[in-house]
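The next block holds one structure in the form of structure tokens; read it before the comments.
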């Protein structure tokens, strides 16, 4: 079946100045039969959404689809520039915009803050699990649960790999479907769990469902977790609490270092519909992730939990407990906007990766970081309030660099108070990437030329100005045949004048990209 095509026009297409384009809003609604062969109960929903999207009304319409399961994605870093860009590019265009995973008012404000951002007749679809985020004047479509015949059909697809159940399992199947209350995810998970199991196992599982019949759906789904082997449970919790949404190869490199036979155990989780692979990333549905985090939080004392991911819990544990993490290699606190100081890194002797990016309240980094001799990557970008760094003010970085001998990547981008780098930075003999865009640095130390493994060097400033005060100009030190491996040098908007670039810049024999 060929997808139908809807042409959206901002002006008459007969006009030589007509600005029109083709969109395919129905691709999500009408696609090949083979692709949708396992989709149950979606027809009714799609017909209603199509009706809400009719283009006969010439006003901008926001359609809120409530309670669809979501997938996490990246966020736009510079919100104001993003809002301006959206309004500038789309204000005269008739467009279809889909906003998935709306879980905060800021999301709508930043991505569709004003109807004037879009041309007349535009349609905006927003999916959310929180009905209160949808405005009173917006059209709301609430996704309902499956009807009985649809629920049975979906369950059978996963329990028996066909739409009709085996005769001896028919009554048991009806019991399971009844407990699922029409929730597609529960039907999928339970069906996968019961696949190829005998009648005795079916009856035992149903008894567990009855015990939890008054609990929330997360508790009901827990039966699929309880029947996993210990190693499978551990891998599942690692993905639910930390790794969901990352590239498969990246996740497997982590799991393989912790568990024997991680590939085989992951395939078990996939077979049981607890995780799935999408765009080469390991994903899981929101309710499944909620179940994993619920299991960990059953231990109410954060200090006793097997995994910590919540910033508040982590701060509490770090403040009240002296913990030794001999095996910890990665600590990612990205976006922990309430974090004001870091823990003592003396208790993390094997730390290789530290990400404090976007910790906008961070004022102090513990001095013990200078002792992290195995650190490979350090990210302090967007730490705009950082005032103290190992023993010093962030106006310099002395003391630290002499000990981080194997550091490969150093990100200091948008540390707006950073004015200088110490001479000791030249001791980072394995450094390959130095990111210092958006800082106040105007004169890098001469020792920087000793970084002969450095491939990327970025001192670019903001296009709008404000990084360097008037009368301050950027000066790059003489190369002196150093920086043998440098391929990319970024000095955009650095207030360069005569003498700002050294006469021997031509000695950068590996340079491929120069941005001025």
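Numerical summary
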item	result
Scan of the range 153-172 for residues that are buried (at least 22 other Cβ atoms within 10 Å of the Cβ) and without any contact (Cβ under 8 Å) to a residue 40 or more places away in the chain, ordered by number	155, 156, 159
Meets criteria (over 21 Å from residue 159 (Cα atoms), touching a strand residue (DSSP E or B) at 6+ places or on another chain (Cβ under 9 Å), outside the structural domain of residue 194 (by TED's automatic domain parsing) and surrounded by fewer than 18 Cβ atoms within 10 Å (Cβ to Cβ)) for residue 276	no
Among (1) modelled with pLDDT of 90 or more; (2) farther than 30 Å from residue 310 by Cβ; (3) buried (at least 18 other Cβ atoms within 10 Å of the Cβ) - the single one residue 439 does not satisfy	(1)
Single residue of the range 233-263 satisfying the filter (out of contact with any helix residue (DSSP H, G or I) (no Cβ under 9 Å at 6 or more places or on another chain) and not in a helix (DSSP H, G or I)) that is nearest to residue 275 (Cα to Cα)	245
Filter result (exposed (fewer than 13 other Cβ atoms within 10 Å of the Cβ) and touching a residue at least 12 places away in the same chain (Cβ under 8 Å)) within the range 279-302	280
Only one of 117, 66 that is within 27 Å of residue 335 (Cβ to Cβ), crowded, with 18+ Cβ neighbours inside 10 Å and modelled with pLDDT under 70	66
Positions within the range 430-449 being over 16 Å from residue 460 (Cβ atoms), in a loop (DSSP other than H, G, I, E, B) and either more than 32 Å from the chain's Cα centre (by Cα) or not assigned by TED's automatic domain parsing to the domain that holds residue 357 (or both), in sequence order	445
Conditions (1) in contact with a helix residue (DSSP H, G or I) (Cβ under 9 Å, 6 or more places away or on another chain); (2) at pLDDT 80 or above; number of the one not met by residue 219	(2)
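Results for (1) outside any loop (DSSP other than H, G, I, E, B); (2) in contact with a helix residue (DSSP H, G or I) (Cβ under 7 Å, 6 or more places away or on another chain), shown as yes or no for each residue.
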{"position": "308", "(1), (2)": "no, yes"}
{"position": "314", "(1), (2)": "yes, no"}
{"position": "327", "(1), (2)": "no, no"}
{"position": "335", "(1), (2)": "no, no"}
{"position": "375", "(1), (2)": "no, no"}
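The values are calculated or read from the model by the stated rules, or taken from the named source; none is laboratory data. From a predicted model like this one, the values you see are computed outputs, not experimental measurements. Virtual Cβ from ideal backbone geometry, glycine too; neighbours counted across all protein chains shown.
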